[in-house]
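Contents: one structure, followed by commentary.
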Amino acid sequence: MTTNSATTALQHYLSSSNVLPHVAFERLREQGDPQWLLLRTLLESSSFSTSTTNNSQELLFHCITGCRQLLLQTWSEHSSVLLQTVRQFFLSYGCFHTPDALLRKAALTTCVAFWKRDWCTCTTTTALAKPSEHAILTQLQPFVTSPILTTPHDLWQWTLQQTTPHTALFWMLFIGECSGKSSVSYRLPLEFHKQVHKQVEQEWLLPLLQWTLQHCSSAATPDTVYLELLMAVLTWEFGVTAWSLGSLGASTAGRTLLKPPFAWRDHLVTPNLCRAVLYWEQQSAQQPLLRQLLILLASLSGPIFQNKEEKQLYASVLMEGAMQWMQSLRLHNNNNDDEEEEDPRLLDTLQLASRIWSNFKLEILTLLPHQLTPLLQAFEQTGNKLLQAQLRECEQVQGDVDAMVYRESREEALAVLLEGMVLLCSDPWLLYTGTEESRLQVQQSLSQLLGPLYRGFVSCRTRMAALEEHYLQSQETHLDAVTEEIIQADLDEELASIATLGRLDLLSAIQTLSELFHQTMPPLEQAWSPQQQQTPQEVTPEVAALLEQARWLNLYIMHLLTDPCDGEDAQIPMAVVAACRRNPDTPPALASAIQAVLAFAQAQAQQIAQQPHNRRLSPLLACSFLEFMIRFVPAYLGPDQLWFDASSILQLCGQVCLYYHLHWPHEPAVQEHAGRLWRALAIRGPHMRQDVLQTPAFQQLMQWQIITLGIRHSVTQEEFAATLQHHNVSMEQLWGYHRLPYLDKRRQLTGIILMNCDERADQTFHQVLSSVQQAWQPLQQQRETSIHVQEQLCLCVHALIGVTEASEMKHVERLPQFLTPYLSQLSFWMEQYASDLTISELILQFFRLYAEQFIVILNREQSLVLFDSVAKVLHAYAQQQWQSRAIVKTSSEKEHEEEQQYSDIVCALQLLIQLSTKDFVDVCKEDGVESHQVTHLVFFGVQQLLPLMTQGLLQLPTLCSLFYELIGFLAETYPAQLTDFLSYELFHRGLLEAIWFGCTHHSHRVAKLSLYGLGSLAKEHARSQAWQRHLQHCPTLLDDCREQLLTRVIFQTVVTDRVEAAGMALLPLLAADPSRTVFTKILSQVSDGSQRERLEQNLQWLLPPMNAALEDGYEGRRMRAQFRERFDEFVQEVHSFLVLR
């Protein structure tokens, strides 16, 4: 055998394979590498101390990883003496024989994997080598140091004798391998990994921590690998949660704070350790690593701190270090000629301070005022410096933010800084702890220290937004809708955070915004003026920048003075109320700023009235004004407010909306916001409704709505004028309002009805409903289909939906009384226009809303009309639409658009879900509707739905969730009726296959609905043999269900979030039929004899007599609870030896 025989043979094998190298290596591993080419190549490379080329490095790397995978897969086929010798070789190779860092890490990773594989089972005795192993053992002997390490104790003793830092690299890789973050495949059950994890945690972490700290303290500057090992030990995930996800991998969720064991406190909770890290950071070249280590030390929390004094001393040292870093940064910046380049230490410094805020909070920090104050001052100065640098670079690139070199690094630093400030300013200590005087003192101190940062954020961000918009307009570049949505979400989050800073010193923040606002308004109003422009409709880059700056300022004011109020009563923020009480100068400044915003909105609306086609009048700016009104007016114009003239502000808001309705009818975002404003005012309370009704603007809106409600868009101006000849109104204005889309007029109708729901407005309320009746008259007189009838029907259904959406009004029972007569008419028109998807979806939407809003208050007659009409609607719709629809699954990017194509099916599902609850709502009513009337209708709808519910359609998230919500509810509530109603094909091929698909769905909610539904159906069969008719067609149906449940759910890793539901599905399936055929079949599929025996024992232990568990009463509940506990243990035990990693 020549010197390079193995290397030559391996290279010849790779070159002759005619495949990519990694594929050839994979084939060699699959063949078992009978000639030990991989290991022998490594031995030959160790014989020559030559430098490693790129090609040889790649070859050796593949040899090392190939040996690891090959031996782990065939571990039990080799003698322990060979495995221990190979393990020792890789330890020697990584620590002493290779100068290449990549090969060293690969070799030590392989050695770590071999040690972990034998960690809990290795002994001092070794088996004799097999005859086939003698040759390779002979070649290994010269490269292996003696004695051979056989136990973890031997390895630890060897470690204590070593001085090379490569030993620390070995232990760092070992910690990572055992912590649950390993990617190495051992093909061993989870119980092995959990056992190793537990033993390392209990017996080896603390000695490793002590050993690492000893090495660090003995050196002037610790080696990098010791620091990495220390960080690996500190970030160890304690407990079995590291393997809680089964073979999906360890939990890698980032943790802000660390909670090490109490036994570690003597080594960690000492100021000397933090001081040593600070000293090393000043002296060492490994500054980034040391800074990350100090951030980890700042994250220590939990029982290792015994008292507040200890915590205070520890925080004091950390704050001292943070201040040292701040001063070092300032000195570096003063001596650095390149002011634009950011110091790499900046982000770590901000993260350290932010971690201090989040860990120790004001309860501890206020005890250290002499350190807290200068640190906050440095924070404020750093933040303003970052903002100014960001603005300066943005100006240099003229708004092209993609060309900004340091933009992302500064943005990351600003995000960390802002997060820390929000944590500090929103600390509950400021509201609930200590005396009011002490809290006020701290808050005033924070406002003085951090208040200037708010002005920096506002001025720099608005200026940058203007520059970016200027660039985009000059380049005629437009962002796509998805990018704009992402940017807006990030912007809203930042604005809310900045508002927390601004509310510390509210008066100063308001003055800052008012100053910038008054600087922006005059040039923008001048740009809007047609007298100053030859082409007033052209949006120049300068005008676009002004519009964007004005929008940002409006958003800043809105977030500073108001909170989002969706789903709750609008209130003035408590911080604003407290600031106004403390400082009498604040309320006038606040009122002045709000009046300026409203006046600006009014000025824009008036310009729209004069120049509706002027492109400089931005719809986006109009939306921001309306959003401000939606949040401000309901919160501030309460019955006891004294700051504003409510009537004038309401008139201004109404007039602005009217201008938008008249002159921008086809701006959907503006019209949506206007409709939301009317609704927000209407639901605020009777005082607000009374004030709004008295405003001329709203009276005019009502008049226009009533007049134009029943007039189609397709009428000519002459026909329009003839229709309105008896009304004394401006024809031009009325024609403008008439152009509003039906959807937007429906929103106005909802607001008008809500506004007139009080007793004093009863006459107007009936007048509005009469206009809806008049709109229906042409449809009652004309029963033939035509294009005009189709449009009139669309108009009328929108109007009925508008009435239905006013269900928040007082005395809501008046609405179903008005709407019920139209249900039968709508069912007739559905039969006529079922082939028109627009009309059919509108009708379905109306019935869904009607059932959703009013089903709890319907009497018997109204319910019967509803059920009869829905049956006709679903029947006509199913015949025309569901049977002809093609399901096409598009890419994930187009999933939302794809789902919108099936919004009619979503409406139908929502309608059936609402109707299925009617039986429970009326269970205590004397005039309730009988159950069979409800269930028959819902089952009829399900019968129509099931053939359509393919797996392609069930990929759509909203539709899938609604379908399983309906199926799960019906299966749990009416299992016997559902089973009996469906034919065998629909029950087996439709219902059960859909349930099986749902059981393995990635959404745990869908899976649980499916599993509980399956359990309810099986429970009903166990009690009453409900499946008997279907079993005649397929006698193995129950066995199929049990097999599907066991193989596709219970024995899979995804069962971790649906264990209880799977158990409650398995229990009735087992009780329904004593046959255990499926278990025999599953046991036969387990090849390993010991695993098969353990599985059989666990199955026998799980399956006691089942019949009692399905009974009602105490005994049945006790048996089910016992089975749940048993099943949970069963799943954990079976997964521990069946799931391999």
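The values are calculated or read from the model by the stated rules, or taken from the named source; none is laboratory data. All values derive from a computational prediction rather than experimental measurement. Here the Cβ is made from the backbone with ideal geometry for all residues, glycine too, and neighbour counts use every protein chain on show. Accessible surface areas use protein heavy atoms only, side chains included; no ligands, DNA or RNA. Shrake-Rupley method; radii C 1.70, N 1.55, O 1.52, S 1.80 Å.
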If I ask for residues that are modelled with pLDDT of 85 or more and open to solvent by less than 80 Å² (accessible area, probe 1.4 Å), which ones from segment 91-106 would you list? 91, 92, 93, 94, 95, 100, 101, 103, 104, 106
Go through segment 146-179 and count every residue that is touching a Phe, Trp or Tyr at 6+ places or on another chain (Cβ under 8 Å) and assigned to a loop (DSSP other than H, G, I, E, B). 4
Flag if residue 632 is among the aromatic types (Phe, Trp, Tyr) and not in a loop (DSSP other than H, G, I, E, B): yes
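Could you say which residue among 604, 571, 549 is open to solvent by 10 Å² or more (accessible area, probe 1.4 Å) and either assigned to a helix (DSSP H, G or I) or touching a Lys or Arg at 6+ places or on another chain (Cβ under 8 Å) (or both)? Talk me through it step by step, then tell me what you get.
On the way: 604 fails: open to solvent by 10 Å² or more (accessible area, probe 1.4 Å); 571 fails: either assigned to a helix (DSSP H, G or I) or touching a Lys or Arg at 6+ places or on another chain (Cβ under 8 Å) (or both).
When all the criteria are applied, what remains is 549.
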Hand me the list of helices (runs of 4 or more DSSP H) wholly inside segment 776-889 holding 2 or more residues that are of a type in the set (Gly, Ala, Ser) and within 25 Å of residue 709 (Cα to Cα). 787-804, 821-833, 837-854
Filter segment 427-439 down to the residues that are on the phi < 0 side of the Ramachandran plot and surrounded by 14 or more Cβ atoms within 10 Å (Cβ to Cβ), then identify the one that is farthest from the chain's Cα centre (by Cα). 439
Between a residue in segment 455-471 that is closer than 13 Å to residue 385 by Cα and any residue that is small (Gly, Ala, Ser), which pairs come within a Cβ distance under 8 Å, given they are 6 or more apart or on different chains? 455/508; 455/509; 456/383; 457/383
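Yes or no, residue by residue, for (1) touching a helix residue (DSSP H, G or I) at 6+ places or on another chain (Cβ under 7 Å); (2) open to solvent by 10 Å² or more (accessible area, probe 1.4 Å):
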residue	(1), (2)
786	no, yes
793	yes, no
810	no, yes
813	no, yes
828	no, yes
834	yes, no
842	yes, yes
855	yes, no
871	yes, yes
Of 719, 759, the only residue that is acidic (Asp, Glu) and over 46 Å from the mean Cα position of the chain (by Cα) is 719
Any chance you could count how many residues in segment 208-233 are part of a helix (DSSP H, G or I), at pLDDT below 90 and open to solvent by less than 20 Å² (accessible area, probe 1.4 Å)? 1
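Quick check on segment 989-1022: of everything there that is of a type in the set (Val, Ile, Thr) and open to solvent by less than 20 Å² (accessible area, probe 1.4 Å), which residue is farthest from the chain's Cα centre (by Cα)?
My answer is 995.
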Among what's in segment 11-34 and is touching a His at 6+ places or on another chain (Cβ under 8 Å) and closer than 15 Å to residue 70 by Cβ, pick the residue that is least open to solvent (accessible area, probe 1.4 Å). 25
So which residues in segment 136-164 are in contact (Cβ under 8 Å) with a residue 60 or more places away in the chain and surrounded by fewer than 16 Cβ atoms within 10 Å (Cβ to Cβ)? 148, 162, 164
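Of the residues 747, 760, which is farther than 25 Å from residue 877 by Cα, touching a helix residue (DSSP H, G or I) at 6+ places or on another chain (Cβ under 6 Å), part of a helix (DSSP H, G or I) and open to solvent by 10 Å² or more (accessible area, probe 1.4 Å)?
Values: 760 fails: touching a helix residue (DSSP H, G or I) at 6+ places or on another chain (Cβ under 6 Å).
It is 747.
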For segment 484-526 the number of residues that are open to solvent by less than 10 Å² (accessible area, probe 1.4 Å) and farther than 17 Å from residue 561 by Cα is 2
Qualifying position, being modelled with pLDDT under 85 and crowded, with 20+ Cβ neighbours inside 10 Å, among 111, 122, 178: 122
Subset of segment 1057-1082, residues open to solvent by 10 Å² or more (accessible area, probe 1.4 Å), in a helix (DSSP H, G or I) and closer than 16 Å to residue 1044 by Cβ, comes to 1064, 1072, 1077, 1079, 1081, 1082
